Amino acid sequence: MSTRLDPDEKSELERERDFLLKSLDDLETERAAGNIDEASYTELHDDYTARAAATIRALRDGVDARPSVPPVPWRRRALVIGGIVAFAVVAAVALAAALGARLPGQTSSGNQPSAAPSTGQRKARLQEAADKNPNDPQARLAYARFLEESGDTVESLKQYDKATEIAPDNADALANAGRLRFIVAGQVPSPDAQKQLVADARTLLDRAVAADPNNSDARYYRGVLLLDGFGQVDAAVGEFQRYLVLAPDGRFATQARNALAMAVEQPPTSGSVPP
């Protein structure tokens, strides 16, 4: 699809060109520092180069001849936060099913009883496992994820917090405690409570990244927070890029690429919370 450029379109193309060229520079820096493998570097470099070339041609010719893509409305919150919520549900179901799959009397070969455990039974087993292993953050995380999947957000957040108390440097516990706080921030009516939840979420996600710089989910969650909670587009772009370096085929790869592609469509905004 080709259209003559109006001033707004030209401005958008200029922002995209600058963003892509900066991304290429950042990619070279990551490669020089040894923070990216060759396959990931090549994939991202080829993508950025092709998009940058198409954008520069559009500015030069005054005609946007870039390959058309399905229209994606600027809904960062629905896109990115939705991805987090979807992941939470999928992860919780998988973890709960995995823990509930081996019941008393069941062997490791996979023999199963005639009836699958009910939700109440799975909850009881997860809670029992967490209580019997008070120093095991993984048991506490499994219980927290199950509660979140079941819709018990308040108790789930308490269990994530307990996991961070048990293991203050556990990146998964810190990242999920921060992620859920940011989601909850959009559900409370008090502006002061919202601000506190967002600030606490950032502290937890900062700690998660510091504890494990290569935790891809923590990078993605932090990118969402920086983009939607603080309007820090450049910093968020860096987190999404890092996520794609760490997990080019990860569960959030599509959302991260879409967020990167759309980041140039809207200038930074003041801090907000998800709807």
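The values are calculated or read from the model by the stated rules, or taken from the named source; none is laboratory data. All values derive from a computational prediction rather than experimental measurement. Note that each Cβ is placed from the backbone with ideal geometry, even for glycine, and that neighbours are counted across all protein chains shown. Ligands, DNA and RNA are stripped out before the accessible areas are found, and what is left, the full protein with its side chains, is counted by its heavy atoms. Shrake-Rupley method; radii C 1.70, N 1.55, O 1.52, S 1.80 Å.
Cα convex hull of region 133-275: how many Å³ per residue?
Output value, Cα hull per residue: 107 Å³.
Within the full protein context, the accessible area of GLU43 is estimated at about 80 Å² for a probe radius of 1.4 Å. Estimated at the nearest 10 Å², the accessible area of ARG125 is 80 Å² with a 1.4 Å probe. A simple spin-label model places the labels of GLU128 and THR153 3.1 nm from each other, with each point 7 Å out along Cα-to-Cβ.
A probe of 1.4 angstrom, applied to the heavy atoms of all protein chains, finds LYS158 with accessible area near 110 square angstrom. Cross-link reach is defined here as a Cα-Cα straight distance under 20 Å, omitting same-chain residues fewer than 8 places apart; for LYS22 the lysines meeting it are LYS10. Leaving out same-chain residues fewer than 8 places away, which lysines sit with a Cα under 29 Å from that of LYS162? Cα-Cα hits under 29 Å: LYS123, LYS132, LYS195.
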